[in-house]
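Data first, discussion second: the structure below is written as structure tokens.
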Amino acid sequence: MKLQIFPDAEGLALGAAEFIFETLSKAAAHAGSASIALSGGSTPARTYKELAELSHRRDLDWRHVKVYWGDERCVAADDPQSNFHMARATLLDLISIPRQNLYHMACEDDPETGAWRYEQILRSHFPDQAFPQFDLILLGLGDDGHTASLFPDTQILNERERWVAPVYVPRLDSWRISLTLPAINAASTVAFLVSGEAKASILKETLEASGPPTHPAQKVEAQGELHWLIDESAGRLLEKPHP
Ligand code: 6PG
């Protein structure tokens, strides 16, 4: 696990954009194409905007990047709650990326069907793999320790076969679909982006609590590299030296 602490939210956005840019560039140079699963929520928005800016200053051929989502709310694609909508507004509509490279997690009609369909797309893109090996998965951290749409006490946390599953979130009274834990953990690189004072307590619990995992974010291990990109406010309560 590698922890990078940036001075503030702006520094985190710039640093995370650079990290994503470098990770995608290396993957595309190595394999001819790169795959990224975007996170939703509010934290990544600044990073996505900085990534769009960076893409105009440095060379990344987005034609060789396939964009997926780690989870999605089961709402229309133009709904302000949609992670797809947020990513388009802050990044995807600001860069030259072919529309066919964007794989929206559509589930507003029916979460189960949406999850099944998305899994079929992933299985066609990652054939002969036990789970999809994304080059990079971006994740956030909720104040209850959820990540993607892996919320505490939800059935999806026990899923060991499916790559994508529907999840009803009681506290939000809403349906989502999400990559499952084994699908997330199969990634080459997983990067959490965590910003702000409000996340300090759950971040300390996630990174420094001893004993078995008590919430979903602690169960993310990543086959490859696990990175935590945070700002000083979010890291305010951290005590142990982290590599
Ligand atoms: C979502 C995300 C979710 C998010 C956390 C943190 O769809 O909302 O997948 O896991 O990353 O809830 O959200 P903030 O960045 O808004 O704090």
Exercise for review: Run through every distinct alpha carbon pair of segment 23-128 and return the Kirkwood hydrodynamic radius in angstroms, one decimal place.
Suggested key: 14.4 Å
Check your understanding: Taking amide H positions as placed 1.01 Å from N in the peptide plane, with prolines and chain starts having none, which residues 5 or more places from E225, or on another chain, fall under 5 Å of its amide H?
Key -> T189, V190
Practice item. Quick one: go through segment 198-235 and flag any residue whose amide nitrogen is under 19 Å from the point 7 Å out along the Cα-to-Cβ line of Q133. Key: 221-227
**Study point:** Signed unit charges on C-beta, dipole axis of the chain, positive-most listed residue A115, Q4, A29
**Key:** A29
Check your understanding: Which cross-chain or sequence-distant (5 or more) residues have an amide H under 5 Å from the amide H of E232, H modelled 1.01 Å from N in plane?
Key -> F6, D8
Review point. Who wins for biggest fluctuation among T214, T206, T47 in a Gaussian network model of the chain, springs between alpha carbons below 10 Å?
Key: T214
Exercise for review: Going by C-beta contacts inside 10 Å, put S233, S82, S124 in order with the fewest on the left.
Suggested key: S124, S233, S82
Review point. What shape does segment 118-193 have by the C-alpha gyration tensor, where a ≥ b ≥ c are the square roots of the eigenvalues, rounded means a/c under 1.5, and otherwise prolate means a/b greater than b/c and oblate the rest?
Key: oblate
Review point. Can you give the FRET efficiency for A198 and R57, using 1/(1 + (r/R0)^6), R0 = 22 Å, r = Cβ-Cβ distance, to the nearest 0.05?
Key: 0.10
Check your understanding: Between E225 and D78, what is the label-to-label distance in nm when each label sits 7 Å out along the Cα-to-Cβ direction?
Key -> 4.0 nm
Point to revise | Karplus-derived 3J(HN,Hα), 6.51/-1.76/1.60, for each residue of segment 121-134, Hz, glycine and proline x | key: 4, 5, 5, 6, 8, 10, x, 6, 10, 5, 8, x, 9, 5
Revision key, fill the gap. Put in order of increasing Cβ neighbours within 10 Å, starting from the fewest, D61, D93 give D93, D61
Check your understanding: How big is the charge dipole of the chain about its Cα centre, in debye rounded to the nearest 20, if each Lys and Arg gets +1 on its Cβ and each Asp and Glu gets -1 on its Cβ?
Key -> 440 debye
Point to revise | For the chain, alpha-carbon Rg over 2.2 N^0.38 Å | key: 0.94
Practice item. Take the alpha carbon atoms of segment 73-120, find their center, do the same for segment 156-177, and report the distance between the two centers in whole angstrom. Key: 17 Å
**Study point:** Gyration tensor verdict on segment 1-56 (Cα atoms; rounded if a/c is under 1.5, prolate if a/b is larger than b/c, oblate otherwise)
**Key:** prolate
Study note, to complete from the structure: The lysines whose Cα lies under 18 Å from the Cα of K240, excluding any fewer than 8 residues away in the same chain, are K2, K199, K204
Study note, to complete from the structure: So the FRET efficiency between A45 and E22, C-beta based with R0 = 22 Å and rounded to 0.05, is 0.60
Exercise for review: Return the single residue from S178, S33, S195 with maximal mean-square fluctuation; model: Gaussian network over the chain, springs between Cα atoms under 10 Å.
Suggested key: S33
**Study point:** Amide hydrogen neighbours beyond the local backbone of A37, cut-off 5 Å, H modeled
**Key:** Y68, L136, I137, L138
Review point. Once the dipole of segment 116-201 is set up with Lys and Arg at +1 and Asp and Glu at -1 on Cβ about the Cα centre, which of V164, L150, N185 lies farthest towards its positive end?
Key: V164
Practice item. Give, rounded to the nearest 20 debye, the magnitude of the charge dipole that segment 128-218 has about its Cα centre when Lys and Arg contribute +1 at Cβ and Asp and Glu contribute -1 at Cβ. Key: 60 debye
Exercise for review: Could you work out how far apart the two model spin labels at R99 and T113 are, taking each label as a point 7 Å from the Cα in the direction of the beta carbon, and quote it in nm?
Suggested key: 2.2 nm
Point to revise | Taking R46, R58, R123, R99 and counting other C-beta atoms within 10 Å, the order from fewest to most | key: R99, R58, R123, R46
Exercise for review: Have a look at Q81, Q133, Q100 and tell me which one the Gaussian network model of the chain (Cα, springs below 10 Å) gives the largest fluctuation.
Suggested key: Q100
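None of the figures in this text is laboratory data; all of them are computed from the coordinates on show. Worth saying up front: this structure is predicted, and the values here are computed from it rather than measured. Neighbour counts are summed over all protein chains in view; Cβ atoms, including those assigned to glycine, are modelled from backbone coordinates with ideal geometry.
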